[in-house]
1. I need the full set of residues from segment A:183-192 which are open to solvent by 50 Å² or more (accessible area, probe 1.4 Å) and either of a type outside the set (D, E, K, R) or within 16 Å of ligand 2 (Cβ to nearest atom) (or both), in order please.
2. Looking only at segment A:144-172, count every residue that is assigned to a helix (DSSP H, G or I) and in contact with a strand residue (DSSP E or B) (Cβ under 8 Å, 6 or more places away or on another chain) and tell me the total.
3. Please find, within segment A:68-87, the residue that is nearest to the chain's Cα centre (by Cα) out of those that are within 11 Å of chain B (Cβ to nearest Cβ) and open to solvent by 40 Å² or more (accessible area, probe 1.4 Å).
4. Against the condition without any contact (Cβ under 8 Å) to a residue 40 or more places away in the chain, within 30 Å of residue B:147 (Cα to Cα), more than 16 Å from ligand 1 (Cβ to nearest atom) and not aromatic (Phe, Trp, Tyr), how does residue A:168 come out, does it pass?
5. Answer yes if at least one residue in segment A:104-117 is over 12 Å from residue A:169 (Cβ atoms) and charged (D, E, K, R), and no otherwise.
6. Starting from segment B:201-224, keep only residues that are within 26 Å of residue B:141 (Cβ to Cβ), then list their pairs with residues that are open to solvent by 50 Å² or more (accessible area, probe 1.4 Å) and modelled with pLDDT under 90 whose Cβ atoms are within a distance under 7 Å, requiring at least 6 positions of separation or different chains.
7. Report every pair of residues separated by at least 6 positions or lying on different chains whose Cβ atoms are under 9 Å apart, first residue within segment A:201-212 and within 17 Å of residue A:20 (Cα to Cα) and open to solvent by less than 10 Å² (accessible area, probe 1.4 Å), second within 16 Å of ligand 1 (Cβ to nearest atom) and among the aromatic types (Phe, Trp, Tyr).
8. Which residue, of A:127, A:134, is open to solvent by 70 Å² or more (accessible area, probe 1.4 Å) and polar (S, T, N, Q)?
Amino acid sequence: MSEVSASKDHEDAPRSQADLVVLSGVNKHFGALHVLQDIDLTIGRGEVVVVIGPSGSGKSTLCRTINRLETIDEGTITIDGKPLPAEGRELARLRSDVGMVFQSFNLFAHKTVLENVMLGQIKVRRTEKKAAETKARALLERVGVAAQAEKYPAQLSGGQQQRVAIARALAMGPKVMLFDEPTSALDPEMINEVLEVMQQLAREGMTMVVVTHEMGFARSAADRVVFMADGRIIEQATPEEFFSNPRSDRAKDFLSKILHH
Amino acid sequence: MFDFLDSGQYDLLGAFWVTAQLALYSAIGSLVWGTVLTAMRVSPVPLMRGFGTAYVNVVRNTPLTVVIVACSFVLDQTLAITLGGEDFKETGFRLAVLGLTAYTGTFVCEALRSGINTVPAGQAEAARALGMSFTQVLTAIVLPQAFRAAVTPLANVIIALTKNTTVAAAIGAAEAALLMREMIENEAQALFTVFALFAFGFIVLTLPTGLILGWAAKRLAVKR
Ligand SMILES: Nc1ncnc2c1ncn2[C@@H]1O[C@H](COP(=O)(O)OP(=O)(O)O)[C@@H](O)[C@H]1O
Ligand SMILES: [Mg+2]
């Protein structure tokens with residue numbers, strides 16, 4: 001818990017200590033489309049940052065650049081003080097420190113739930129099978145799907161699959177977790193079970209970047225809300241500030257749309 | 001009607017046994033070679049991708065007879081590479097396995113690539129996000145799923161391969177088609193019987209392949 005409170009006033013803390021993810025001057029194009037424009041974003045250790053914005057504004061792309069699933073054209077991204085390496089062994093190591101949870105879960109379809117959570121530990125961390133299994137079972141217990149360990153992903157509900165995906169990412173012991181609309185593909189009755197797991201993670205001090213339109217989650221778990229539109233960060237504020245008093249017209253417009261439907 | 005078989009002049013079972021071995025070794029060889037070709041074709045290294053694509057397009061579009069005769073001429077008769085074969089038949093057999101592998105590998109590669117296309121991009125992406133290397137992503141995530149989706153097209157490739165073994169007669173491998181040619185020459189009066197006999201022999205070899213792999217395709221299918 002101390003990590004969480006430390007992060008809330010990370011502005012005052014010495015930079016090198018508190019900042020975990022730093023993007024500066026990041027630009028990216030998809031052909032003619034300037035999808036990320038001069039992005040400067042700093043995420044403190046233990047901080048929970050919610051990214052919101054209209055569809056197509058570049059939120060997913062931003063997430064994906066942080067573990068270099070997408071390359072950038074300009075600017076720098078550092079994680080824990082180290083710049084993102086180019087493709088290769090170094091990059092693989094870095095990626096294993098950055099957990100990622102996708103909208104469509106992406107559990108390995110030919111592996112059981114348990115194997116899904118063990119695979120990264122064995123292949124990337126070179127953990128022994130026995131130890132990997134123990135850890136996997138503990139994590140599945142923690143996200144509440146231990147009873148499904150021997151099943152295949154297709155046999156689980158969406159909410160269960162997403163919780164397994166979170167366990168799979170946590171198994172690597174990541175420094176930061178990225179969530180790209182983790183509840184958008186879920187039936188309404190399953191959204192809460194996933195948000196609860198995320199809330200618990202936030203309380204435990206995990207550094208998190210969460211793209212979501214779940215305002216309840218943003219209000220209760222986020223330290224900061226980042227609003228994006230057209231590839232730019234338009235404004236950043238605490239959740240209370242942002243939801244009660246958005247400064248930009250784009251944000252006002254966006255909030256009026258999502259809060260009134 | 002089958003009395004010419006009783007003469008002991010023709011070793012029918014022996015010839016089909018050679019055919020079965022030819023098919024088996026070439027099947028194993030082409031599965032391995034086809035997997036390697038597939039890995040090359042999806043590799044991030046442009047040189048490998050280029051080689052894989054060029055190889056598949058050239059060899060797949062060359063008649064099998066040409067591939068096998070080329071193996072025989074270039075390797076055996078020009079370079080005197082017999083692949084350790086003791087005599088003419090043995091060398092013919094080994095070169096035929098090589099030629100069939102070189103040729104069938106391209107079809108395995110195409111079947112596997114169609115299998116890879118059934119694997120959603122998110123699968124590889126999730127594996128990369130965990131920190132797996134290209135080789136790990138390919139061998140632990142993509143190829144296992146691609147193989148399961150490709151069982152049916154692979155079964156067709158194996159069946160075609162079994163029938164293609166007849167081309168090996170061209171370089172003297174002592175398989176079924178060579179014997180058939182001999183029998184047609186000597187037993188012209190029983191032409192229809194000879195044809196029926198060999199057709200039946202090939203069905204005995206290929207039908208179980210199709211049935212077993214059809215069953216496997218259902219069992220192994222990845223549920224999404
Ligand atoms: N691989 C890609 N190739 C080309 N355009 C892309 C690609 N990925 C995303 N885009 C485009 O980039 C823009 C931003 O996409 P995205 O980051 O997914 O936005 P968001 O997650 O905010 O909805 C969209 O216009 C989208 O069509
Ligand atoms: Mg998105």
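The values are calculated or read from the model by the stated rules, or taken from the named source; none is laboratory data. Not measured: the values here are computed from a predicted model. Virtual Cβ from ideal backbone geometry, glycine too; neighbours counted across all protein chains shown. SASA here: full protein model, heavy atoms, side chains in, ligands and nucleic acids out. Shrake-Rupley method; radii C 1.70, N 1.55, O 1.52, S 1.80 Å.
1. Of segment A:183-192, the ones open to solvent by 50 Å² or more (accessible area, probe 1.4 Å) are A:184-185, A:187-189, A:192.
Hits for segment A:183-192 are A:184, A:185, A:188, A:192.
2. 5
3. A:68
4. On the way: without any contact (Cβ under 8 Å) to a residue 40 or more places away in the chain: no; within 30 Å of residue B:147 (Cα to Cα): yes; more than 16 Å from ligand 1 (Cβ to nearest atom): yes; not aromatic (Phe, Trp, Tyr): yes.
No; evaluated as a whole, the condition is false for this residue.
5. yes
6. No pair meets every condition.
7. Going by the 9 Å Cβ cut-off, the qualifying pairs are A:208/A:179; A:209/A:179; A:210/A:179.
8. A:134
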